[in-house]
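Student: Here it is: the structure, laid out below.
The values are calculated or read from the model by the stated rules, or taken from the named source; none is laboratory data. Since the model is a prediction, treat every value here as computed from it, not as a measurement. Every residue, glycine as well, gets a Cβ built from its backbone with ideal geometry; the counts of neighbours run over all protein chains shown.
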Amino acid sequence: MTTFSITGLEEHEAALRAALFENAGIEGAAYVLFREAQMTNDPWDRRRHTKLLVREVIPIQSVSADGMHVTWDTVSYVALLQRAQREELILGIAHSHPKGPAEFSAQDDANEAELLRTACNRNGAAAKLVSLLFSGDGTVLARVWQYPQHQSTVRSVMFIGERIQFHRPDAAPASAAFARQILAFGPTLIHQLKNFRIGVIGAGGTGSATAPLLARAGVGQILIVDDDIVEITNLNRLHGATQMDADAMRPKAEVVAREVARMALGARVLPLRGWVSAPDVRDALKACDVIFCCTDDHAGRVFLNRLAYYYLIPVFDMGLAMAVAEPPVAGMADISARVTTVMPPEACLLCRGAVDVEVAREEDLRRQEPTEYERRKREAYVRGEGNPNPAVVTFTTEVACMAVNEFLNRIVGFRKRNMGFEIRRRFLFSEDRATTARPRHTCPVCGVRDAWGLGDTDPFLDIVG
């Protein structure tokens, strides 16, 4: 059995509400075109999962409408079925119940069954029909129809942007452990966090702080990906790690997962030892609603940067710079942190200058072909490893706090002013500032809309070689 979820951009949600609630108290309708992201094995429920990524919203000109019904000419529907087949899209319809009920009606069942029949007659028995319902009370529900008349409830509907809106039909009761947080932000946040599926990439200084913070905030499902083991130099900043872990050369991902599980706050934690771009990690990444990038390498950032746009997965990317002053000057020359929220339509990490593509290539070569990497290093074709960067646990932990707070702000909006999509903290001056960047029109990731929500491609993420 396949489960489903839907993700779109904030602009898609705005377009839908404009079409569905154009006339107060009157039902409205719109078409929605989707691309698919298919997971053979969703890591949390071990079933097939399809994430439907919104590509376009097309308002429908109704023939007649009132507070309980809306009708339109289906000539446009058949034309869009042709386009969907030609461009490998899934066609959906959205309509409103401005006065309720906040559920699909018997009339909706009959109408959508007929639309499915038309879709299967036109595009074949494998055709799907996606249906979204927006109720006047803010409820958003969705389902997927498949031949002959099978209905699957969509697990969640999410729209991402300046705010992250997460809709899930069921609301699990909140544990008493979160009572003080509920006093601050109310019970709705806990219900949403309980159902989020969040990836933490990197289980070092920032990752080992980020995962427990997410669990303590109420996140119910956490994926931890790291290819490294615990070493003695990690012990002063890797939360939960012990000398025994270093002696046993225990994987960092397993250590962090163990510490989160020990909290017993209800979070399900899945540790994966491996590289973020490895083929066997793809299903787990695609199943995430949000990802926290806690790795300090450029290759992993370049990969996640692309993933964010192709799969509409917000990536909270963290950076920490610590520079020691050159003698004879004593002390630190710089301590600064950065949290960048990576998602369309904002500038990507490449356009912000946060990653170095050449360094990323060298890192990939070192990992995939170490002999060739060493040869090129000897011949000065690559720069080779430099000295390790300074790292202090209080600063790596504070960067993690910044990132988790930015995530929470995008859900509940507690900030009194918009800080944009990148925040920099300068510790030496005790100041925060927002930085802006514009997508370069030549950027293949954020400069053109073609990649946004494109989903599955061959090769994966259109990465060749």
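Let's see how each residue does on (1) assigned to a helix (DSSP H, G or I); (2) in the same structural domain as residue 184 (by TED's automatic domain parsing); (3) at pLDDT below 95:
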{"site": "372", "(1), (2), (3)": "yes, yes, yes"}
{"site": "375", "(1), (2), (3)": "yes, yes, yes"}
{"site": "380", "(1), (2), (3)": "no, yes, yes"}
{"site": "384", "(1), (2), (3)": "no, yes, yes"}
{"site": "388", "(1), (2), (3)": "no, yes, yes"}
{"site": "399", "(1), (2), (3)": "yes, yes, no"}
{"site": "403", "(1), (2), (3)": "yes, yes, no"}
{"site": "408", "(1), (2), (3)": "yes, yes, no"}
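Student: From the list 253, 284, 267, 308, which one is surrounded by fewer than 23 Cβ atoms within 10 Å (Cβ to Cβ) and either among the small types (Gly, Ala, Ser) or touching a Phe, Trp or Tyr at 6+ places or on another chain (Cβ under 6 Å) (or both)?
Tutor: On the way: 253 fails: surrounded by fewer than 23 Cβ atoms within 10 Å (Cβ to Cβ); 267 fails: surrounded by fewer than 23 Cβ atoms within 10 Å (Cβ to Cβ); 308 fails: surrounded by fewer than 23 Cβ atoms within 10 Å (Cβ to Cβ).
That would be 284, the only listed residue that is surrounded by fewer than 23 Cβ atoms within 10 Å (Cβ to Cβ) and either among the small types (Gly, Ala, Ser) or touching a Phe, Trp or Tyr at 6+ places or on another chain (Cβ under 6 Å) (or both).
Student: Against the definition (modelled with pLDDT of 90 or more, surrounded by fewer than 19 Cβ atoms within 10 Å (Cβ to Cβ) and within 30 Å of residue 209 (Cβ to Cβ)), how does residue 367 come out, yes or no?
Tutor: Criteria not met by residue 367.
Student: Here's another thing I want to ask about it. Please indicate, with yes or no, whether at least one residue in segment 329-351 is modelled with pLDDT of 95 or more, among the hydroxyl-bearing types (Ser, Thr, Tyr) and surrounded by fewer than 16 Cβ atoms within 10 Å (Cβ to Cβ).
Tutor: Scanning segment 329-351, I find no residue that is modelled with pLDDT of 95 or more, among the hydroxyl-bearing types (Ser, Thr, Tyr) and surrounded by fewer than 16 Cβ atoms within 10 Å (Cβ to Cβ), so the answer is no.
Student: May I pose another question? If residue 76 satisfies all but one of (1) closer than 28 Å to residue 450 by Cα; (2) under 32 Å from the mean Cα position of the chain (by Cα), what's the number of the condition it fails?
Tutor: (2)
Student: Also: Among the candidates 37, 14, 30, 65, which residue alone is without any contact (Cβ under 8 Å) to a residue 24 or more places away in the chain, of a type in the set (A, V, I, L, M, F, W, C) and surrounded by 13 or more Cβ atoms within 10 Å (Cβ to Cβ)?
Tutor: 14
Student: Name the residues in segment 425-440 that are small (Gly, Ala, Ser) and over 16 Å from residue 320 (Cα atoms), would you?
Tutor: Scanning segment 425-440 gives a single hit, 437.
Student: Hey, another quick one. Six or more apart or on different chains, Cβ atoms under 7 Å: show the pairs whose first residue is in segment 268-290 and touching a residue at least 40 places away in the same chain (Cβ under 8 Å) and whose second is charged (D, E, K, R) and outside any loop (DSSP other than H, G, I, E, B).
Tutor: Matching pairs, first to second residue: 271/254; 273/226; 274/280; 275/367; 286/51; 287/197; 288/197; 289/197.
Student: Return the residue satisfying two criteria in turn: it lies in segment 179-219 and is more than 18 Å from the chain's Cα centre (by Cα) and of a type in the set (D, E, K, R), and of such residues it is surrounded by the most Cβ atoms within 10 Å (Cβ to Cβ).
Tutor: 216
Student: Please state which of the following conditions residue 102 fails to meet, knowing it meets all the rest: (1) part of a helix (DSSP H, G or I); (2) aliphatic (A, V, I, L, M); (3) modelled with pLDDT under 95; (4) in the same structural domain as residue 56 (by TED's automatic domain parsing).
Tutor: (1) is the only condition that residue 102 fails.
Student: Considering only residues that are touching a Ser or Thr at 6+ places or on another chain (Cβ under 8 Å) and part of a strand (DSSP E or B), which ones fall in segment 424-437?
Tutor: Within segment 424-437, 424, 425, 426 qualify.
Student: Taking residue 83 and the conditions (1) part of a helix (DSSP H, G or I); (2) at pLDDT below 95, which numbered condition does it fall short on, given that it satisfies the others?
Tutor: It fails just one condition, (2).
Student: If you don't mind, there's one more thing I want to ask. If you scan segment 45-67, which residues turn out to be of a type outside the set (Asp, Glu) and at pLDDT below 90?
Tutor: 61, 62, 63, 64, 65, 67
Student: While we're looking at this one, here's another question. When you go through 242, 233 one by one, which is the residue that is surrounded by fewer than 21 Cβ atoms within 10 Å (Cβ to Cβ) and under 30 Å from residue 368 (Cβ atoms)?
Tutor: Numbers: 242 fails: under 30 Å from residue 368 (Cβ atoms).
Every option except 233 fails the conditions.
Student: Restricting attention to segment 264-273, does a residue exist that is farther than 30 Å from residue 440 by Cα, not in a strand (DSSP E or B) and not hydrophobic (A, V, I, L, M, F, W, C)?
Tutor: First, the residues of segment 264-273 that are farther than 30 Å from residue 440 by Cα: 264-273.
Imposing the further condition that a residue be not in a strand (DSSP E or B) reduces the set to 264-267.
This time we only want the ones that are not hydrophobic (A, V, I, L, M, F, W, C), so: 266.
Yes, segment 264-273 contains a residue that is farther than 30 Å from residue 440 by Cα, not in a strand (DSSP E or B) and not hydrophobic (A, V, I, L, M, F, W, C).
Student: Given the criterion within 16 Å of residue 399 (Cα to Cα) and at pLDDT 90 or above, identify the matching residue among 315, 324.
Tutor: Checking each option against the conditions leaves just 315.
Student: OK, next. For residue 47, work out the one condition from (1) under 26 Å from residue 4 (Cα atoms); (2) surrounded by 15 or more Cβ atoms within 10 Å (Cβ to Cβ) it doesn't fulfil.
Tutor: Against the list (1) under 26 Å from residue 4 (Cα atoms); (2) surrounded by 15 or more Cβ atoms within 10 Å (Cβ to Cβ), residue 47 comes up short only on (2).
Student: Assess whether residue 181 counts as being without any contact (Cβ under 8 Å) to a residue 40 or more places away in the chain, in the same structural domain as residue 54 (by TED's automatic domain parsing) and polar (S, T, N, Q).
Tutor: Numbers: without any contact (Cβ under 8 Å) to a residue 40 or more places away in the chain: yes; in the same structural domain as residue 54 (by TED's automatic domain parsing): no; polar (S, T, N, Q): yes.
In short, no.
Student: Here are 453, 420: which of them is surrounded by 13 or more Cβ atoms within 10 Å (Cβ to Cβ), modelled with pLDDT of 95 or more and not in a helix (DSSP H, G or I)?
Tutor: 453
Student: Going by the conditions given, is residue 254 more than 30 Å from residue 456 (Cα to Cα) and touching a Pro at 6+ places or on another chain (Cβ under 7 Å)? Give the derivation first.
Tutor: Details: more than 30 Å from residue 456 (Cα to Cα): no; touching a Pro at 6+ places or on another chain (Cβ under 7 Å): yes.
Taking the combined requirement at face value, the residue does not satisfy it.
Student: Considering only segment 119-138, state which residues are buried (at least 16 other Cβ atoms within 10 Å of the Cβ) and farther than 16 Å from residue 33 by Cα.
Tutor: Listed by number, the residues that qualify are 120, 134, 135, 136.
Student: A further question on this structure: Considering only residues of segment 195-251 that are β-branched (Val, Ile, Thr) and assigned to a helix (DSSP H, G or I), which is nearest to residue 270 (Cα to Cα)?
Tutor: Ranking the candidates gives 210 first.
Student: Look at residue 429 and say whether it is at pLDDT 90 or above and closer than 21 Å to residue 342 by Cβ.
Tutor: no
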